[in-house]
Ligand code: NAP
């Protein structure tokens, strides 16, 4: 039987996931289907009348369903529980099971892009679902000192409390940037059509790595500025590609290898 998977979201036309998974289906000669499924937030409670295991082996979850899908699943793993969000669902052993592969996507891409990564001080900007996945990943990677800073400070405080890390006022981020080995933008600032993330890097060390999880545009103003200061930069497209690897493997039985051709292919869809 042809295996069918997809991505749920609202709206969903912008999603790169169909282009990504269809590329691998073609590359590995798998007769599978991957489709974009638009689900209105008010219908998430009725998801199993829209998706059923006879037809679908699993799906990705994107905005705004990453948190609300949790209550509809039979089982979620420890990472999803800590983060409070699921981005990948697989039908396995008669159960809908949720995981958060953003953690794997972020770590894997960071490790594969940066040699001699200094795992001491990390500054994470943002306190939404993506920031929670990034912080979970940084803790697993063994970063010694992680600070979160967010425009709405109470969210940063909650996150710091949940993950036993530090938090700092949004107005202090420039100062913190000067002592960080890794800076991660996990806000939606810098996305095409949104304001830039203003971060003063004049006093930052050229050894600092700047990672922007935003992937459209490929080089955000933050990354362009970091590059001008001679800092190492990492953009978000690699995270998006790597987070799809365990999902594709779980659904279609082949572990795909991310490559530059795929990146080029996806950039054409941005
Ligand atoms: P979210 O839960 O809505 O969180 C958005 C974050 O951005 C919050 O911390 C919010 O701060 C901050 N923010 C928004 N507008 C701001 C502004 N004008 N000034 C300062 N801060 C602002 O979203 P999310 O799911 O965490 O996603 C965040 C970004 O990560 C999105 O761009 C998404 O596309 C990207 N992402 C990329 C990948 C990947 O694979 N590369 C994976 C997941 C997400 P407040 O709390 O103050 O509102």
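Coordinate-derived values only; no laboratory data. Please read all numbers here as calculations on a predicted model, not as lab measurements. Virtual Cβ from ideal backbone geometry, glycine too; neighbours counted across all protein chains shown.
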Can you give the Rg and Dmax of the range 1-140 based on its C-alpha atoms, in angstrom? 16.1, 49
With the crude spin-label approximation of a point 7 Å out along Cα→Cβ, what separation in nm comes out for residue 52 versus residue 260? 4.8
What value, in deg cm²/dmol to 500, does the helix sum -39500 (n - 2.57) over DSSP H runs of n ≥ 4 give at 222 nm once divided by the residues of the chain? -10000 deg cm²/dmol
For a protection proxy built on the mean count of beta-carbon atoms within 10 angstrom, sort 137-147, 205-215 highest first, please. 205-215, 137-147
May I have the extent of the alpha carbons of the chain along their three principal axes, as whole Å values ordered from largest to smallest? 58, 38, 34
Provide 135, 47 in ascending order of the number of other Cβ atoms located within 10 Å of each residue's Cβ, fewest first. 47, 135
Estimate the FRET efficiency between residue 40 and residue 151 by the formula 1/(1 + (r/R0)^6), using the beta-carbon distance for r and 25 Å for R0, to the nearest 0.05. 0.35
Can you tell me, using C-alpha contacts under 8 Å and at least 6 residues apart, the relative contact order of the range 1-87 as a whole percent? 36
Under a point spin-label approximation (7 Å from Cα along Cα-to-Cβ), what is the residue 92-residue 164 distance to one decimal in nm? 2.7
May I ask for the angle, rounded to the nearest 10°, between helix 102-113 and the longest principal axis of the chain, with both axes built from Cα atoms and the value confined to 0 to 90°? 60
Fewest Cβ neighbours within 10 Å first, please rank 203, 38 accordingly. 203, 38
With a point put 7 Å past each Cα toward its Cβ, work out how far residue 267 is from residue 139 in nm, to one decimal. 3.6
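Once you have a ≥ b ≥ c as the square roots of the Cα gyration tensor eigenvalues for the range 60-119, tell me rounded if a/c is under 1.5, and otherwise prolate or oblate according to whether a/b is larger than b/c. Mind showing how you got there, number by number?
Values: a/c = 2.71, a/b = 2.24, b/c = 1.21.
Prolate, since a/c reaches 1.5 and a/b exceeds b/c.
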So for the range 14-139, averaging the separation of alpha carbon pairs under 8 Å that are six or more residues apart and normalising by length, what relative contact order in percent results? 18
By how many degrees, 0 to 90 and rounded to 10, does the Cα axis of helix 129-141 deviate from the longest principal axis of the chain? 70
Using alpha carbons only, how many degrees (0 to 90, rounded to 10) separate the axis of helix 17-27 from the longest principal axis of the chain? 70
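Looking at the chain, send over the antiparallel percent of its DSSP beta bridges, to the nearest 5. Provide the component values of the computation, followed by the final result.
Details: 8 of 40 bridges.
Rounded to the nearest five, the antiparallel share is 20 percent.
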If contacts are Cα pairs under 8 angstrom and at least 6 residues apart, what is the relative contact order of the chain in percent? 16
